[in-house]
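Some notes on the structure that comes next.
The values are calculated or read from the model by the stated rules, or taken from the named source; none is laboratory data. Everything numeric here is computed off the predicted structure, so don't read it as measured data. Positions of Cβ are backbone-derived with ideal geometry, glycine not excepted, and every protein chain shown enters the neighbour counts. Surface areas here come from the heavy atoms of the whole protein model, side chains and all, with no ligands, DNA or RNA. Shrake-Rupley method; radii C 1.70, N 1.55, O 1.52, S 1.80 Å.
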Amino acid sequence: MLIGQEITVMGGGIGGFTAALALAQRGAVVRVLEQADQIGEVGAGLQISPNGVRVLDALGLGAEARARATRSQGVWLRDGVSGHEVIDLDLARLRPDETYLMFHRADLLDLLMQAAVAAGVTVETGVRVDRVEATAGKPVIHINGRAPEQVGFLVGADGLHSVLRSELNGNPAPFFTGQVAWRALVPASGREEAEATIFMGPGRHMVTYPLRQGQVINLVAVEERADWAAEGWFHKDDPENLRRAFAGFCQDAQDVLSRVDQVHVWGLHRHPVAVEWHKGFCALLGDAAHPTLPFMAQGAVMALEDAWVLADSLAKQGLEDGPALYQARRRPRTARVIEAANKNARNYHYGNPLAKAVGHGVLRLANRFAPNTVLGRFDWIYQHDVTAD
């Protein structure tokens, strides 16, 4: 039902290009509008769990995705201060048939963009959409420096500050969680395992994992603090601030921190999941619909899932009825994933020594006797397959 239908996608990120590709593969005539002057080396690492890999496979990108990414062999949780192991989840042994990939964001984005262009998608960069008029009819976009333009169907994959989200839902104020996050890419030592390591400490934690076949290490560190911090990935910070925040952590953590020469910091804010994901011939996806905190590594994966389901719903029900089907299929799942992410932060940040001893003790026992039960808690996320719905 999409053959020849003209669809405009706002946002040249992971969700935007995945949607563009999935729609083009179903016969739509698709263009992507991106406000940056070029699609390039922006961002840092992404973990793509099996539910996201299934979307890449269904798009025909599975083999190249595996070639460009590093396959994760496990998740290693450690006491950040002592360095002692809490639990080592050996994914290669416990989930041998499931694929967990670790990407530099630019590599995944390039893969998706190249596939979209090969499928006939046109890409316009340096295009800023200032406003959208969404009515029961066709939407009108107001591009900076151009006359208003009516489009056949509009996908809002324009991120946290989406102009389409504002049009459909107003501007409910987010609230600061009392946490800030740093991100950095650092040179690898060459000794790192192909796994994600989580150093857990009182009021803070740090995650590291290798990218680009072990050439660099992605670092994300989170600290609880009272001082408000602005959102956005692009606020540069002094690496010494990061090192001071984690000065009490073990030597392995210090070895990584010592190699940080550029770092960005941002405040973590909670936004409500959008109530309205569609109106007329418009629909939201990814962070535009459901901004996600980085405590389950599901932000990019939910965008991949959204994009597939949107294209599938529009193909099955058409541009008029498809958006309602899409929201019905996606909103309950994304809301549940976001709630799981919100709760997961406190599992890393035990400040009370007794609570830490109990929490870490339970994980150590599970690691020894029933490691599958730890992974099984989130089977509803990782084993889900939107391409088979």
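Here are the numbers for this structure:
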quantity: All positions within region 88-117 that are over 10 Å from Arg71 (Cα atoms), in contact with a Ser or Thr (Cβ under 9 Å, 6 or more places away or on another chain) and outside any helix (DSSP H, G or I); calculated: Glu98
quantity: Conditions (1) at pLDDT below 95; (2) surrounded by 13 or more Cβ atoms within 10 Å (Cβ to Cβ); number of the one not met by Gly156; calculated: (1)
quantity: Subset of region 241-254 [of a type in the set (D, E, K, R) and either under 27 Å from the mean Cα position of the chain (by Cα) or not in a helix (DSSP H, G or I) (or both)]; calculated: Arg243, Asp252
quantity: Matching residues, region 318-332, being of a type in the set (D, E, K, R) and open to solvent by 30 Å² or more (accessible area, probe 1.4 Å); calculated: Glu320, Asp321, Arg329, Arg331
quantity: Meets criteria (among the small types (Gly, Ala, Ser) and either surrounded by 19 or more Cβ atoms within 10 Å (Cβ to Cβ) or free of Cβ contacts under 8 Å to residues at least 60 places away in the same chain (or both)) for Ser49; calculated: yes
quantity: Residues of region 182-204 that turn out to be under 13 Å from Leu257 (Cα atoms) and in contact (Cβ under 8 Å) with a residue 60 or more places away in the chain, as a count; calculated: 8
quantity: Checklist (1) surrounded by fewer than 17 Cβ atoms within 10 Å (Cβ to Cβ); (2) within 18 Å of Arg78 (Cβ to Cβ) applied to Asn241, failing item; calculated: (2)
quantity: Residue that is farthest from Phe281 (Cα to Cα) [pool: residues in region 120-165 that are aliphatic (A, V, I, L, M) and over 24 Å from the mean Cα position of the chain (by Cα)]; calculated: Ala147
quantity: Selection status of Ala315, under 26 Å from Leu61 (Cα atoms), among the hydrophobic types (A, V, I, L, M, F, W, C), open to solvent by 10 Å² or more (accessible area, probe 1.4 Å) and at pLDDT 95 or above; calculated: yes
quantity: Residue satisfying condition, being of a type outside the set (Lys, Arg), over 12 Å from Ile39 (Cβ atoms) and at pLDDT 95 or above, within set Met113, Met102; calculated: Met102
quantity: Members of region 349-359 found to be open to solvent by less than 30 Å² (accessible area, probe 1.4 Å) and of a type outside the set (Gly, Ala, Ser), listed by number; calculated: His349
quantity: Members of region 216-231 found to be in contact (Cβ under 8 Å) with a residue 60 or more places away in the chain and surrounded by fewer than 17 Cβ atoms within 10 Å (Cβ to Cβ), listed by number; calculated: Glu231
quantity: Of residues in region 246-257 being free of Cβ contacts under 8 Å to residues at least 60 places away in the same chain and surrounded by 12 or more Cβ atoms within 10 Å (Cβ to Cβ), the one nearest to Gly299 (Cα to Cα); calculated: Leu257
quantity: Residue under evaluation Arg212, criteria (1) more than 23 Å from Val86 (Cα to Cα); (2) in contact with a Ser or Thr (Cβ under 9 Å, 6 or more places away or on another chain); (3) open to solvent by less than 40 Å² (accessible area, probe 1.4 Å); (4) not polar (S, T, N, Q), criterion not met; calculated: (3)
quantity: Complete set of residues in region 258-293 that are more than 23 Å from Trp308 (Cβ to Cβ), open to solvent by less than 60 Å² (accessible area, probe 1.4 Å) and not in a loop (DSSP other than H, G, I, E, B); calculated: Val263, His264, Val265, Trp266, Gly267, Leu268, His269
quantity: Some residue of region 128-141 being in contact (Cβ under 8 Å) with a residue 12 or more places away in the chain, part of a loop (DSSP other than H, G, I, E, B) and under 27 Å from Gly267 (Cα atoms); calculated: yes
quantity: Leading residue by the ranking (farthest from Val309 (Cα to Cα)) among those in region 341-389 that are among the aliphatic types (A, V, I, L, M) and within 18 Å of the chain's Cα centre (by Cα); calculated: Ala345
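Results for (1) touching a strand residue (DSSP E or B) at 6+ places or on another chain (Cβ under 8 Å); (2) modelled with pLDDT under 95, shown as yes or no for each residue.
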| site | (1), (2) |
| --- | --- |
| Leu33 | yes, no |
| Gln38 | yes, yes |
| Glu64 | no, no |
| Ala69 | yes, no |
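One line per residue, one yes/no per condition, for (1) without any contact (Cβ under 8 Å) to a residue 24 or more places away in the chain; (2) touching a strand residue (DSSP E or B) at 6+ places or on another chain (Cβ under 7 Å); (3) aliphatic (A, V, I, L, M); (4) over 30 Å from Glu192 (Cβ atoms):
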{"residue": "Leu77", "(1), (2), (3), (4)": "no, yes, yes, no"}
{"residue": "Gly80", "(1), (2), (3), (4)": "no, yes, no, no"}
{"residue": "Glu98", "(1), (2), (3), (4)": "no, no, no, no"}
{"residue": "Ala106", "(1), (2), (3), (4)": "no, no, yes, no"}
{"residue": "Leu109", "(1), (2), (3), (4)": "no, no, yes, no"}
{"residue": "Pro148", "(1), (2), (3), (4)": "yes, yes, no, yes"}
{"residue": "Phe153", "(1), (2), (3), (4)": "no, yes, no, yes"}
{"residue": "Gly159", "(1), (2), (3), (4)": "no, no, no, yes"}
